[in-house]
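The values are calculated or read from the model by the stated rules, or taken from the named source; none is laboratory data. These figures come from a predicted structure and were not determined experimentally. Heads up, the Cβs are rebuilt from the backbone with ideal geometry, glycines too, and the neighbour counts pull from every protein chain shown.
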Amino acid sequence: MAPPAHDAPLAAYQWLLGPEGRQLLDHLADADPLATGLVARLHRELGAERAVVVIEQLRLRRRAKEKFPMAQAMFFTRQRLEQATDWAVACYKAGRFPLGEPWADLCCGLGGDTLGLATRGPGLAVDRDPVACLLAEANLAAAAEFLQRQTPPQKLHPVQVRCQDVFEADLAHAAAWHLDADRRQGARRVYRQSETSLGWQAVERLLQRVPHGAVKLSPMDEPPPEWEARATWEWISRGGHCRQLVAWFGSLAEEPGLRKATRLMPTGPVSFQGSAVPAGEAALGIERFLYEPDPAVLAAGLEYALGDRLNLRPVAPGAVYLTGQEAVEHPLLAGFEVLQVLPFDRRRLQRTLSRGDYRVTEVKKRGVDVSPEALLRKLRKRGSQPVVLVLARVVDRVLAALCRRLDR
Ligand SMILES: C[S@@+](CC[C@H](N)C(=O)[O-])C[C@H]1O[C@@H](n2cnc3c(N)ncnc32)[C@H](O)[C@@H]1O
């Protein structure tokens, strides 16, 4: 049985996606969905069920702008929006699928990944939840219209949306598939594929039908040892967060067993690949430059491989921060020039800030039990020199480094 994903019934979404619902949403596009007057009026005029989906939609469209450039014309439920792959990540992933060839998106949800894949070739989107299928159809239309308005206009390939179980899907024509199982078991969130509604056995069954596939996983998941050598494992970050791990199989994989960290930047993707190596010799202190690896690098366990490549050492055994005497530039590293290092002690820190005329603009920490927000509130606000305060545990000491951010 499908887990409940929405509070409102299917009929309420069918109405919302119909002409009356769409017209009302357009009319209320600029209204404040939290205004009590509006909520009361909609309840009175539409009844509770329809009022709830209208208000929810107005809120979700605002929230979804971060994920989708065409959010204002799309349809969401709260849970399906949280689960959806955003437009930038979806288009990047779709780029690995063979151009112009048919694909199948298994567990399409509201269609986050489907939209990206539809820029690549024709396809089949499958979900067992009828509301998800309704949303996916509407969102494909919204994306097609959005792309049509771009200069030059772009087209989406045709997509069939089917409400069925993954294992009922007809993969006869699919050159490759994408799978994104539910990482929620009722109210409980899980992050391992083995705990999802479709575990690794399901992946095995799909690979037997079509050997070329991609499995979207939580960025906190780890390749199971028995699967590690069978896929390329790619952690993808965007906007300072690691968004997902993708296991690529068959012709979609670059090299089986490879680990890859990719940061999606406005200028394009930047990747680093290798094997997770143990930390080499630690610096046991902070040198002239300090570096924090991108979240995708950290999730992939590639920080020491990247450090080795750039001649950087961890500040301490097992530490995340890397350090070196030379400035290096890499899009997968946030770099800091170290102005001063002292043992972490609040009063001493305040005195140093006053003496140096420093103003702390940001606090970063790793392996230290301090709330950066709370500490920032308590630190000196005046000073002509803006600095980033980095707290790093170096064996049994906590060091405070006053730094200047290097441009990324
Ligand atoms: C994480 S969401 C997919 C999100 C989607 N990739 C996106 O970017 O919008 C998972 C979806 O899997 C569907 N699902 C779970 N098990 C399924 C199954 N056995 N067959 C079909 N759909 C399933 C759920 O209904 C849900 O919509």
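Looking only at region 232-283, how many residues end up being among the charged types (D, E, K, R) and either surrounded by fewer than 17 Cβ atoms within 10 Å (Cβ to Cβ) or in contact with a Gly (Cβ under 6 Å, 6 or more places away or on another chain) (or both)?
Residues meeting the conditions: 3.
Looking only at region 204-222, how many residues end up being assigned to a loop (DSSP other than H, G, I, E, B) and either under 25 Å from the mean Cα position of the chain (by Cα) or not aliphatic (A, V, I, L, M) (or both)?
Here the count works out to 7.
Just need a number here: residues in region 182-198 that are of a type outside the set (A, V, I, L, M), within 9 Å of the ligand (Cβ to nearest atom) and not in a strand (DSSP E or B). Walk me through it before giving the result.
The initial filter retains those residues of region 182-198 that are of a type outside the set (A, V, I, L, M), namely 182-186, 188-189, 191-197.
Of the ones still in play, those that are also within 9 Å of the ligand (Cβ to nearest atom) are 182-184, 196-197.
Still in the running and not in a strand (DSSP E or B): 182-183, 196-197.
Adding up the residues that qualify gives 4.
So in region 238-254, with the set limited to residues that are out of contact with any Ser or Thr (no Cβ under 6 Å at 6 or more places or on another chain) and either part of a loop (DSSP other than H, G, I, E, B) or among the acidic types (Asp, Glu) (or both), which one is nearest to ALA181 (Cα to Cα)?
The selected residue is PHE249.
Looking at ALA118, ALA143, which one is surrounded by 20 or more Cβ atoms within 10 Å (Cβ to Cβ), in contact with a His (Cβ under 9 Å, 6 or more places away or on another chain) and of a type in the set (Gly, Ala, Ser)? Talk me through it step by step, then tell me what you get.
On the way: ALA143 fails: in contact with a His (Cβ under 9 Å, 6 or more places away or on another chain).
Testing whether each residue is surrounded by 20 or more Cβ atoms within 10 Å (Cβ to Cβ), in contact with a His (Cβ under 9 Å, 6 or more places away or on another chain) and of a type in the set (Gly, Ala, Ser) leaves just ALA118.
Take region 166-181 and flag every residue that is surrounded by 14 or more Cβ atoms within 10 Å (Cβ to Cβ), in a loop (DSSP other than H, G, I, E, B) and not hydrophobic (A, V, I, L, M, F, W, C).
ASP180
Return a yes/no flag: does region 134-153 have any residue that is in contact with a Lys or Arg (Cβ under 8 Å, 6 or more places away or on another chain), within 19 Å of MET74 (Cα to Cα), modelled with pLDDT of 95 or more and within 15 Å of the ligand (Cβ to nearest atom).
If we filter region 134-153 for residues that are in contact with a Lys or Arg (Cβ under 8 Å, 6 or more places away or on another chain), which is where we start, we get 135, 144, 147-148.
Okay, now just the ones that are also within 19 Å of MET74 (Cα to Cα), so 135, 144, 147-148.
If we keep only those that are modelled with pLDDT of 95 or more too, we end up with 135, 144, 147-148.
Checking the rest, the ones that are also within 15 Å of the ligand (Cβ to nearest atom) come to 135.
Yes, region 134-153 contains at least one residue that is in contact with a Lys or Arg (Cβ under 8 Å, 6 or more places away or on another chain), within 19 Å of MET74 (Cα to Cα), modelled with pLDDT of 95 or more and within 15 Å of the ligand (Cβ to nearest atom).
Got a sec? Which of ARG230, ARG238, ARG263 is over 14 Å from LYS93 (Cα atoms) and either modelled with pLDDT of 95 or more or polar (S, T, N, Q) (or both)?
None of the others qualify; the one that does is ARG230.
Keeping to region 347-371, report how many residues are more than 14 Å from LEU402 (Cβ to Cβ) and touching a residue at least 12 places away in the same chain (Cβ under 8 Å).
4
Here are ASP113, ASP86: which of them is assigned by TED's automatic domain parsing to the domain that holds LYS155, within 11 Å of the ligand (Cβ to nearest atom), touching a residue at least 24 places away in the same chain (Cβ under 8 Å) and over 25 Å from GLN164 (Cβ atoms)?
None of the others qualify; the one that does is ASP86.
Return yes or no: is GLN201 surrounded by fewer than 19 Cβ atoms within 10 Å (Cβ to Cβ) and assigned to a strand (DSSP E or B)?
No; evaluated as a whole, the condition is false for this residue.
Are there any helices (runs of 4 or more DSSP H) wholly within region 1-72 with 2 or more residues that are within 26 Å of GLY186 (Cα to Cα), and if so which?
10-17, 48-63
Taking the condition at pLDDT below 95 and either in the same structural domain as HIS212 (by TED's automatic domain parsing) or crowded, with 21+ Cβ neighbours inside 10 Å (or both), does GLY123 pass?
no
How do the pairs read when you match residues in region 190-206 that are more than 15 Å from GLU228 (Cβ to Cβ) with residues anywhere that are within 13 Å of the ligand (Cβ to nearest atom) and hydroxyl-bearing (Ser, Thr, Tyr), using Cβ under 7 Å and keeping only pairs 6 or more apart or on different chains?
Pairs that qualify, where the first residue is more than 15 Å from GLU228 (Cβ to Cβ) and the partner is within 13 Å of the ligand (Cβ to nearest atom) and hydroxyl-bearing (Ser, Thr, Tyr), are VAL190/THR196; TYR191/SER218.
Somewhere in region 90-98, is a residue within 9 Å of the ligand (Cβ to nearest atom), in the same structural domain as MET265 (by TED's automatic domain parsing) and not hydroxyl-bearing (Ser, Thr, Tyr)?
Yes, region 90-98 has at least one match.
When you check LEU156 against the structure, is it away from the ligand (no atom under 13 Å from the Cβ) and either touching a helix residue (DSSP H, G or I) at 6+ places or on another chain (Cβ under 8 Å) or at negative phi (or both), yes or no?
When the stated conditions are applied, LEU156 passes them.
One line per residue, one yes/no per condition, for (1) closer than 30 Å to LEU217 by Cβ; (2) at pLDDT 95 or above:
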site	(1), (2)
GLY37	no, no
VAL54	no, yes
ARG61	yes, yes
GLU66	yes, yes
PHE75	yes, yes
ARG80	yes, yes
